[in-house]
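Peer 1: Handing you this structure, nothing more for now.
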Amino acid sequence: MRGLWRVQLRQIHKNATNNDAGRHQCPRMGSICQVRVQAESRADTHSEDGAFTQCPSTVLQLPLGEWTTVTMGEGQCDITEACLDCMSCGDKWEIQLFPLEESSESLVPSAKEYTTFKAELHSNLSLCQLKLKQPEQAKASATKATELDPGGAKAWYRLGQACQMLNELEEAKRAFKKLLKIQPDSSAAVKALKDVAIKEKESNKELAQRLSKMFG
């Protein structure tokens with residue numbers, strides 16, 4: 001088995017100024033963050049036959065040593081987003097990567113981990129389908145993710161986006177309201193609900209005009 005890594009996340013610095021009122025808020029769905037990932041070592045991992053090469057930069061899906069813009073929920077790098085979920089401005093976290101061996105016991109997940117992995121996979125599949133303009137498939141994948149993990153904010157956001165693309169506005173509202181319940185300070189959820197309200201108003205106006213022509 002090749003290319004599997006064990007990931008450990010650990011906070012190594014907390015910015016004391018974030019204890020001030022209004023400065024402790026963590027990024028939420030849709031937040032735009034500037035991050036820089038620096039490597040302490042650049043040791044690559046090679047297979048014995050040389051057919052596989054992978055280093056931390058490819059595992060993290062971000063360039064090392066450079067400031068990079070990451071939009072939460074866009075699937076740029078789930079490992080980095082897992083850190084950002086708990087970070088405030090100026091905080092520092094350590095990401096440790098360990099190549100897994102075929103015999104490693106950690107390759108066997110617990111039942112809870114397995115369910116979480118499946119939910120994340122369905123959620124990420126939904127994101128890919130949204131980008132491919134496949135809203136029906138995206139809705140099905142996101143729905144499966146929310147069933148597996150009802151507390152997954154990304155899955156609810158993507159479900160709302162898929163329903164919005166399908167013009168299923170009531171379902172979109174329910175999904176975005178669920179996201180807002182999970183993340184009460186989510187600006188992305190608030191904006192999405194406003195967009196749905198505008199679209200509903202436009203649809204109602206068009207319907208009224210058609211009815212007026214029919215019965216006017």
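Peer 1: Go through (1) out of contact with any Lys or Arg (no Cβ under 9 Å at 6 or more places or on another chain); (2) of a type outside the set (Lys, Arg); (3) modelled with pLDDT of 90 or more; (4) within 18 Å of residue 81 (Cα to Cα) for residue 117 and report which single condition fails.
Peer 2: Of everything listed in (1) out of contact with any Lys or Arg (no Cβ under 9 Å at 6 or more places or on another chain); (2) of a type outside the set (Lys, Arg); (3) modelled with pLDDT of 90 or more; (4) within 18 Å of residue 81 (Cα to Cα), residue 117 misses just condition (3).
Peer 1: Which condition from (1) modelled with pLDDT of 70 or more; (2) under 20 Å from the mean Cα position of the chain (by Cα); (3) surrounded by 11 or more Cβ atoms within 10 Å (Cβ to Cβ) is the one that residue 5 breaks?
Peer 2: Status for residue 5: all satisfied but (1).
Peer 1: Here is a follow-up. Can you tell me which condition residue 163 does not meet? The list is (1) buried (at least 24 other Cβ atoms within 10 Å of the Cβ); (2) under 16 Å from residue 74 (Cβ atoms), and all the others hold.
Peer 2: (2)
Peer 1: Any residue in the range 49-62 that is acidic (Asp, Glu) and either under 18 Å from residue 8 (Cα atoms) or modelled with pLDDT of 75 or more (or both)?
Peer 2: No, that holds for no residue.
Peer 1: Just to be sure I understand, how many residues within the range 9-32 are over 18 Å from the mean Cα position of the chain (by Cα) and at pLDDT 75 or above?
Peer 2: Filtering the range 9-32 for residues over 18 Å from the mean Cα position of the chain (by Cα) gives 10-24.
If we keep only those that are at pLDDT 75 or above too, we end up with 10-14.
Total meeting the criteria: 5.
Peer 1: So if I check each of 39, 82, 43, which one is aliphatic (A, V, I, L, M) and either assigned by TED's automatic domain parsing to the domain that holds residue 156 or at pLDDT below 55 (or both)?
Peer 2: Of the residues listed, the single one that is aliphatic (A, V, I, L, M) and either assigned by TED's automatic domain parsing to the domain that holds residue 156 or at pLDDT below 55 (or both) is 43.
The values are calculated or read from the model by the stated rules, or taken from the named source; none is laboratory data. Owing to the predicted nature of the structure, the values given are computational and were not obtained by experimental measurement. Cβ sites come from the backbone with ideal geometry, for glycine too, and all protein chains shown count toward neighbours.
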